[in-house]
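Laboratory data are not the source of any read-out in this text; all were calculated from the coordinates shown. It should be emphasised that the depicted structure is a prediction, and the values quoted were computed from it without experimental measurement. Every residue, glycine as well, gets a Cβ built from its backbone with ideal geometry; the counts of neighbours run over all protein chains shown.
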Amino acid sequence: MKNRARNKTSNMMHKILPCIVFIVWSCTGCALAQSEGDVYDDSFGILNFDYSLNVKSNEVLFKEQPQLDYFSVLYQDTVPYALFLYFNPSEKDSEGILKFYDLNFEGDKYLFKQEYGNKITFLAPKFNFRRIFGKAEGDIPPHVDEVWARVYRDSIVYIQRKLSTRSYQHKDYIKDTGPGVPPKYRGDLKKLGDDLSREFARSNNGERIDSILLYEATIDKLEHGDGLLIDLKLIVGNHSPFSILIENALQKTKKDWTPAFLHTGRLTKSKTKIYARLDRDGTILLQTPRMLSSRYK
């Protein structure tokens with residue numbers, strides 16, 4: 001009798017759970033159907049849930065780096081766009097170390113490949129929505145997937161968020177930029193790169209140069225919300241006529257920056273990186289990070 005009662009309860013919960021999820025999903029859809037001018041609350045998601053797997057996906061990495069506690073990957077539609085590596089405290093670093101890579105930023109992608117190559121395995125999840133929610137992927141409105149994956153030595157925890165395409169494109173939705181918005185150049189980096197391309201074409205005498213440069217700088221916070229570029233230094237590449245051209249141009253922009261803005265509501269002094277690449281056709285790409293590192297100063 002007790003087993004029959006348990007089975008009956010289990011069957012009821014199996015039927016009720018998809019209904020509960022469907023009601024939440026439907027109500028969220030109603031909220032998103034408001035007019036374009038409305039300011040939404042935090043309910044951009046259609047579905048939110050977490051899921052864990054017992055799998056050793058990066059066993060070699062953890063063996064090679066015993067101080068590594070875990071790493072987190074932020075995915076958008078199965079593509080990793082941010083990576084955080086958390087290292088345990090050691091004698092050299094009593095507070096532990098956080099390494100951060102903005103994988104949408106060419107400078108961090110370059111550093112990541114130099115340091116880790118193919119040592120990190122990225123496993124983007126593929127969920128069976130029919131099995132979990134009683135709904136197929138096609139039954140869910142047009143959406144963008146955002147997934148956090150926290151990878152441990154012997155397991156992965158996924159936190160999945162499905163965002164409606166409409167809310168994701170809405171002006172009030174801010175794509176994840178970390179703890180705040182990174183410092184920005186107030187001008188047009190593409191135009192600056194085009195101007196430098198023409199200047200370099202006139203002055204280059206065929207000398208062998210590094211075509212990829214990466215700079216680190218600090219954007220100081222001044223009065224009235226202004227920023228100032230200081231402490232510019234080359235961290236990838238060698239000094240050459242190309243680096244001199246880039247450095248001179250950046251020094252001229254030192255007052256044309258906006259400081260980082262924390263989501264807590266204040267401007268702050270912060271470090272940033274500036275990536276410069278000379279392509280074979282002579283064009284110059286300049287780029288800054290899209291995400292703010294969690295270490296500001």
| query | How big is region 194-257 in terms of Cα radius of gyration and Dmax, in angstroms? | reply | 13.7, 45
| field | Per-residue ³J(HN,Hα) for region 264-281, Karplus 6.51 cos²θ - 1.76 cosθ + 1.60, θ = phi - 60°, Hz, x for Gly and Pro | value | 6, x, 9, 7, 8, 5, 7, 8, 8, 10, 10, 9, 10, 9, 9, 7, 5, 7
| field | Rough spin-label spacing in nm, given labels placed 7 Å along Cα→Cβ, for Glu207 and Glu64 | value | 3.6
| Near Val151, within a Cβ-to-Cβ distance under 15 Å, what is the net charge of the other residues, with Lys and Arg +1 and Asp and Glu -1? | +1
| said: Pairs on different chains or at least eight residues apart, Cα atoms closer than 12 Å: how many lysine pairs in region 227-297 fit? | reply: 4
| note | The local net charge around Leu286, scoring Lys/Arg +1 and Asp/Glu -1 for residues other than Leu286 whose Cβ lies under 9 Å from its Cβ, equals +2
| remark: Rounded to the nearest 0.05, FRET efficiency between Arg280 and Asp188 (Cβ-Cβ, R0 25 Å) equals 0.60
| query | Assuming a viscosity of 0.692 mPa s and a temperature of 37 °C, what translational diffusion coefficient in µm² per second does Stokes-Einstein assign to region 207-297, Rh being the Kirkwood radius over Cα pairs? | reply | 233
| field | Span from the region 252-266 Cα centroid across to the region 97-111 one, whole angstrom | value | 20
| said: For the pair Tyr110/Val157, report the inter-label distance in nm, with labels modelled 7 Å from Cα in the Cβ direction. | reply: 3.6
